[in-house]
Amino acid sequence: MKLVLASKNPKKLKEMGDILSALGVEVLSEEQAGVDVEVEETGTTFAENARLKAEAVMRASGLPAVADDSGLCVDALNGAPGVYSARYGGEGLDDAGRYRLLLENMRGQLDRRCKFVSAICCAFPNGDVVEAWGECPGTLAYAPKGSDGFGYDPIFFLPERKKTFAELTAEEKNAISHRGKALEQFREKLAAYQAQHNQ
């Protein structure tokens, strides 16, 4: 079975490939599938955006396509930046610029609760959809710490580990992260789907 990953991120391609190879699933990049799709993420939820991306790449390639949408939701900001995590603060900001803006917007705020969320959607040409979801609760640090990871990882603090995501090894992070949980659930659901359809 071949799936096309609706992402141009090589790290995501490797991660997805590693997890699904045990199921005999080959994960292709958009480039390998001969498609180049820019999808406008107009959904109001992570699940909607993941589905928009998966369905667009599935239609363009004619193959099942898988996409994920993830981000950081901060309680004190009513769930922001949420689905706008990658675009927080507008164009022109890099990862560090975005998390510095978030820390600035949280100045003086004592409620630091937040969570990372990941939604995964796999869309099949026959109209079937397999979806998965993962969350990882934490708190917002007051200053960035650590050099690993990406995005908001340096300010996402895990009280029980006394570390930010950016201070964890890749193995430690994958074991507890929102994307790790969503991918594990997706792997199980895809295995069940394959068994049902003998693909």
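3J(HN,Hα) along the range 147-164: 10, 8, x, 7, x, 8, 3, x, 10, 9, 9, 9, x, 5, 9, 6, 9, 8 Hz, from the Karplus curve 6.51 cos²θ - 1.76 cosθ + 1.60 with θ = phi - 60°, whole Hz, x for Gly and Pro.
For ALA6, the residues 5 or more places off, or on other chains, whose built amide H falls under 5 Å of its own are VAL66, ALA67. The relative contact order of the chain comes to 18 percent, based on Cα pairs under 8 Å that sit 6 or more residues apart. Here the range 1-91 is assigned +1 on the Cβ of each Lys and Arg and -1 on the Cβ of each Asp and Glu. Its dipole about the Cα centre then comes out at about 180 debye.
Accessible surface comparison of PHE124, PHE157, probe 1.4 Å, protein chains only, largest first: the order is PHE157, PHE124. The string of couplings for the range 186-197 from the Karplus curve (6.51, -1.76, 1.60, θ = phi - 60°) is 5, 4, 5, 5, 5, 4, 5, 5, 4, 4, 5, 9 Hz, one whole number per residue in order, with x for Gly and Pro.
If each of ARG59 and ASP128 carries a label point 7 Å out from its Cα toward its Cβ, how far apart are those two points in nm? About 2.2 nm separates the two model spin labels. Compared with the alpha-carbon gap, the fully stretched path from ASN105 to GLU41 is longer by 20.6 nm at 0.36 nm per residue.
With the highest mean first, a sort of the peptides 132-140, 58-66, 14-22 on other beta-carbon atoms found within 10 angstrom per residue produces 58-66, 132-140, 14-22. Heavy-atom surface analysis with a 1.4 Å probe gives the chain a carbon and sulfur content of 50 percent of its accessible area. Taking each of LYS2/LYS162; LYS162/LYS189; LYS53/LYS163; LYS53/LYS181; LYS8/LYS163; LYS11/LYS115 in turn, the alpha-carbon distance tops 31 angstrom for LYS2/LYS162; LYS162/LYS189; LYS53/LYS163. Treating r as the C-beta distance of ASN78 and LYS8 and R0 as 41 Å, the FRET efficiency rounds to 0.85. Accessible surface computed residue by residue for the chain, with neighbouring protein chains in place and a 1.4 Å probe, gives 51 Å² per residue.
Computed on protein heavy atoms with a 1.4 Å probe, the accessible areas place ASP153, ASP94 in the order ASP94, ASP153, largest first. Note on the chain: dipole from Cβ charges, positive end direction compared against ILE176, VAL25, LEU63; the farthest Cα belongs to ILE176.
Calculated mean residue ellipticity at 222 nm for the chain: -10500 deg cm²/dmol, from DSSP H runs with n ≥ 4 weighted as -39500 (n - 2.57), summed, divided by the residue count and rounded to 500. Computed on protein heavy atoms with a 1.4 Å probe, the accessible areas place ARG107, ARG113 in the order ARG107, ARG113, largest first. Evaluating 6.51 cos²θ - 1.76 cosθ + 1.60 at θ = phi - 60° for every residue in the range 71-82, the Karplus couplings come out as x, 10, 10, 9, 3, 5, 10, 6, x, 6, x, x Hz, glycine and proline recorded as x.
Rg(Cα) of the chain divided by 2.2 N^0.38 Å? Ratio of Cα Rg to 2.2 N^0.38 Å: 1.05.
Distance between the pseudo-spin-label points of MET1 and ALA191 (7 Å out from Cα toward the beta carbon): 1.2 nm.
The values are calculated or read from the model by the stated rules, or taken from the named source; none is laboratory data. As the structure is a computational prediction, the values presented were derived from the model and not from experiment. Methodologically, a virtual Cβ is constructed for each residue, glycine included, from the backbone with ideal geometry; neighbour enumeration extends over all protein chains shown. Accessible surface is based on the protein model in full, side chains and every heavy atom, while ligands, DNA and RNA are left aside. Shrake-Rupley method; radii C 1.70, N 1.55, O 1.52, S 1.80 Å.
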